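Everything on this sheet refers to the single structure shown next.
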RNA sequence: GGGCUUGUAGCUCAGGUGGUUAGAGCGCUACACUGAUAAUGUAGAGGUCCGUGGUUCGAGUCCACGCAGGCCCA
């Protein structure tokens, strides 16, 4: 007989995947799955580009499984899902890798190694592991278009980026400002965080630290500080960089921190002062033993300084308090009215200092940020060219107006120095190699502290030892210093971003509202500048004096400007004529300004995050090309990346989209056309981390890194994918455990495969062929068929909903439950006999149709998660009828499951009553098994009856529809339904707490006691009349839960409101039948031991052994023969060559021979 | 230090709107079943629901404060 359905013995899921890959490749299934849907509505997915300069890890399998699931699902639903792959190619990691490869440092670039060569090397290196990535993509079954990927270094891509930047520029959303960065005055250059992390960079140094007294301005806001003060009120703030004090413009406090006001005396001037300090830090500046000293008796010069805490308040109350400028040498250029007040800072701690942080926006990153957020100006001045500069110049020296004041101070307070100091001699650190061993050498910090002490403005001055970063080249201290940078004014559209974020469906929600939402609320402008070589150049050219500038938004514009410049004689020919827009070529472009001045490119590159965040536009080279494709694929319906991308890609996508939607007329028009409010994506899954099985982060150092290729080749992509999704929701961290994968393989895939194999085995024997044109008549379906089909519809509904709600774990778990619990362990198990017995009948056909449909739909529902195995199942089930299906144009005409249309749930086939009944049946069977177990009666021994107390009629009706199933399953002859009238059921009553609670509240204990004490008669009464008055309570039947849990004298089991009693008397009839069944079992085992096939016929000879056995074998001869495929069953006095068979209670001598 | 997040059996996880005895799978032990057999059923052992307070007649669930892990940011 020709096999319609392939049968498999040695199954290997990795091998199936290989086989399917081959097939997909040959038949171009992925390409077809997209082209198939030409003209259909598109579902847009954006691929977050990976960087191929590192090797892929197991977490990429996780992330990409999530992406793949929904793209596949939406394709099944009928959408066209183009998914353009992409590569992230710029950025620091690439550069660092190249530096390492070449054995050079950043300093060598442009010297030992030309920028041109360097960038070429970057270009090569960035695709170093592309092969591995492609391999992973293929092997894990991730469908993404890698034939036409977007690559961020290509000139078209960069042109789109320039276009976007110009949109911002034209609307004033791109500006040059400054940001606080580590800067080394000794080598005149900024340092990257990477350079700062060089070993030996952080050194232990002793610096002068000052606790300065900031005098509070008395007004309504600060009045509370004066209530108990015995002098002016001062706020104490600590700094290890006294040189930043002349540029102080604010003080930061922690809103939740507790502060106190202390009456005491200045230790240098002995004047009475009332100072504000964090409560926790009082002990640091005041000796406990001086607490009780009398303030009144203090005399200037006393060593023990008394102090008294006179008020307590939170930082929140201090916010807004104003104070006098500490060193009024210069005034802020702008917003002077906002300067010199207390603000809240989330970085303030009570770990050291005074719990108040002196803030100087030009010399600290936190300071800068908090000032910006509160509208506090920095203290700056104009240089000769009119540019705004900080109080310290790039050589690390105070500007002369400050120097002048310090010089005055030195003179006024007669401070001895090692040499006369002019206004231009005040370096904030020793950058001029002064002789520090000179007895009168004083650092600028020390000079400042002396001046402050004299002016009653220093509360505590001491040496402080701490680590401080130094230049790795010169060993001189680094300053945190304002450096030029280009910014995108994201703050201008902060509200819009916050608002639009609320329209995005985040999975999990908390990442959107919490992590992302909070980040948006505290947004600062996006610093776009990077001082590197390999990246997208900033398309801005400026004249030397910075008065004229131009932002280039396209190649065409650039070339035009270049022509102008050539005409002016500034260049001979275009440095970018080869089309490479990278450095160094673009740096050689000199443009001409309107007034005829040469303009040079701002040397910065832009943040690589801008590259990836702009991919919705740049991947299509929009707006220069592909306007239609862009409109069809904008915005994204769905994106997914790791949660670590919240402030990375998720943010840049959102920020760029919102800003373009507000600033670009072109995008506004598109938004209107496609009905987009301005977002880049509508649904987003941010998945968690993949940890090792003990919950540790995977790292090379720990040696717990899982090789994705190994996992895939050992278990196959389906099992790995399924495990990852089924185990926990993607946004939870996954503890990756191979034992878990093995379990998934065995428990789910093994079971499903068994189910298929079972189907294939018998379908082949019976020659069953699926016929889509001639579906079986529904009336031949049994209860069990209708039940599993109903379950299948419910499953389809549930799974579809789960996928639509981006809940893949729910989908996978539902499928798994269906396959394991319902399809395999119930439907197939109970139906086995239908399949293996007799000729092909309508009933049997119905069974095949049913099982076929279940496997088919299951395969389809699981296909987004397990694309290989599901397609393999599909092909096995349908390859034999493909030609016919194509001819008839029926649903199974497609070569792959991934080309099919998703089966819609048919709610009219859901039979809730039947599902409920079957649920009862399963539970009753479980209870009967339990009783058998306790009574030690095996299932092969038939029993007479089950007693089933029925609480209401509908219950009995339900059970009757599944009675036969129960009886067959537990091998019992009958069910007897008993109701109240039988008088053998003992009813129990319990309070219905949720209902009673609302009604009686505090009286619950009383009511419960009353209900517990109800008599048999009272229970009957309340059941009959629906009410009962007892113990002062008027109870209704809804207030109690009545159940029957005991039948005296019977073996009983109860669970979840169902009670079952079993008649465990074994009569002679039952015993004989039991023997017959046992005998069948033994013969079957012997057949198996003999290696017989299912259809092989046998003859059985048995030696006589006692009356009961003889009677049993005679009475059930027919039954035994059918079950065991026996042509004869003979009872003889003596059987030669018979083997001993253990029948538990006795032995039999049996011989089996094969009959042809 | 801040934001977010997790904590339930040896392991992996479920446990709308508070409700009586907290569940499943795996693993372990025992028994059974057997023509799906590298399957299957039943039972048993196994819990301070991270801790401490609070709200409530009643808290795994709500609130507060902690502890421990994770991510991101400082």
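Derivation of every value follows stated rules applied to the coordinates shown; laboratory data play no part. Given the structure is predicted, the values throughout are model-derived calculations rather than measurements. Using ideal geometry, Cβ is built from the backbone for each residue, glycine included, and neighbour counts are taken over all protein chains shown.
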For region A:117-198, what percent of Cα pairs sit more than 16 Å apart? 76
Which residues does a label at residue A:1155 reach in region A:1084-1101, if reach means a backbone N under 11 Å from a point 7 Å past the Cα toward the Cβ? A:1097-1101
What nm distance separates the two modelled labels at residue A:316 and residue A:938, each placed 7 Å from Cα along Cα→Cβ? 7.5
What Rg and what Dmax come out for region A:619-746 when only alpha-carbon atoms are used, in angstroms? 19.9, 57
Rounded to a whole number, what is D in µm²/s for region A:1-153 from Stokes-Einstein with the Kirkwood radius over alpha-carbon pairs (25 °C, 0.890 mPa s)? 134
Quick one: P(r) of region A:449-599 from all Cα-Cα pairs, 5 Å bins, percents rounded to integers, in order of increasing distance. 2, 7, 10, 11, 10, 10, 10, 11, 11, 8, 5, 3, 2, 0
Of all DSSP beta bridges with both partners in chain A, the antiparallel percent, nearest 5, is 70
Per residue, what volume in Å³ does the Cα convex hull of region A:284-397 take up? 176
If you count, for each residue, the other Cβ atoms within 10 Å and average over each peptide, how do A:847-857, A:607-617, A:426-436 line up from highest to lowest? A:607-617, A:847-857, A:426-436
Principal axis dimensions, largest first and in whole angstrom, of region A:132-176 by Cα: 48, 17, 16
Take region A:138-240, drop everything but the C-alpha atoms, weight them equally and run the Debye formula without solvent; then report log10 I(q)/I(0) at 0.14, 0.16, 0.21 Å⁻¹ to two decimals. -0.95, -1.00, -1.13
Hull surface over four for the Cα convex hull of region A:296-351, reported in nm², is 7.3
Overall dimensions of region A:553-617 as given by Cα atoms, namely Rg and Dmax in Å: 13.3, 39
Which value in nm describes the separation of the simple spin-label points at residue A:217 and residue A:365, placed 7 Å from the Cα toward the beta carbon? 3.2
Expressed in angstrom and rounded, the centroid-to-centroid distance over alpha carbons for region A:123-149 and region A:302-377 is 53
Which Rg and Dmax, in Å, describe the Cα atoms of region A:342-382? 10.8, 37
Regarding region A:88-128, what's the average projected area of the Cα-atom convex hull, expressed in nm²? 2.5
Between residue A:346 and residue A:628, take the C-beta separation as r, use R0 = 45 Å, and let me know the FRET efficiency to the nearest 0.05. 0.45
Cβ crowding within 10 Å averaged over residues, with A:638-645, A:493-500 ranked highest first: A:638-645, A:493-500
What is the gain in length, in nm to one decimal, between residue A:1029 and residue A:502 on full extension, counting 0.36 nm per residue of separation less the C-alpha to C-alpha distance? 184.3 nm
Residue-averaged [θ]222 nm for chain A, counting only DSSP H segments that reach four residues, each worth -39500 (n - 2.57): -11500 deg cm²/dmol
Separation of region A:1091-1105 and region A:493-511 by C-alpha centroid, Å? 73
In this structure, the FRET efficiency calculated for residue A:170 and residue A:394 from their beta-carbon separation, with R0 = 51 Å, to the nearest 0.05, is 0.95
In a solvent-free Debye calculation with one equal scatterer on each Cα, what is log10 I(q)/I(0) for chain A at q = 0.07, 0.10 Å⁻¹, listed in the order of the q values? -0.90, -1.29
Post the alpha-carbon centroid distance, region A:992-1036 to region A:566-637, in whole angstrom. 81
Quick calc of log₁₀ I(q)/I(0), region A:727-815, Debye, one scatterer on every Cα, no solvent, q values 0.13, 0.14, 0.24 1/Å, result -0.69, -0.78, -1.27
What three numbers, in Å, describe the spread of the alpha carbons of region A:838-957 along their principal axes, ordered from the longest? 57, 34, 32
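Report the extension gain between residue A:964 and residue A:797 in nm, rounded to one decimal, defined as 0.36 nm multiplied by the number of residues separating them, less their alpha carbon distance. All intermediate terms of the calculation are to be shown ahead of the outcome.
Details: separation 167, 0.36 × 167 = 60.12 nm, distance 2.92 nm.
Full extension from residue A:964 to residue A:797 adds 57.2 nm.
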Test of understanding: what is the full-extension gain from residue A:647 to residue A:710, defined as 0.36 nm times their sequence separation minus their Cα-Cα distance? 19.5 nm
Please give the peptides A:731-740, A:568-577 ranked by average Cβ packing (other Cβ atoms within 10 Å per residue), highest first, as a rough proxy for protection. A:731-740, A:568-577
Between residue A:557 and residue A:779, with labels modelled 7 Å along Cα→Cβ, what's the label distance in nm to one decimal, could you check? 7.8
What residues of region A:881-906 lie in the reach of a label at residue A:26, counting those whose backbone N is under 14 Å from a point 7 Å from the Cα along Cα→Cβ? A:895-896
Output needed: percent of Cα pairs per 10 Å distance bin for region A:381-522, bins running from 0 to the one holding the longest distance. 9, 25, 24, 15, 15, 9, 2
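Set the Förster radius R0 to 51 Å, insert the Cβ-Cβ distance between residue A:130 and residue A:912 as r into 1/(1 + (r/R0)^6), and round the FRET efficiency to 0.05. Walk me through the numbers on the way to the answer.
Details: r = 54 Å, r/R0 = 1.06.
Rounded to the nearest 0.05, the efficiency is 0.40.
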Please work out whether region A:232-282 counts as rounded, prolate or oblate from its C-alpha gyration tensor, where a ≥ b ≥ c are the square roots of the eigenvalues and a/c under 1.5 means rounded, while otherwise a/b larger than b/c means prolate and anything else oblate? oblate
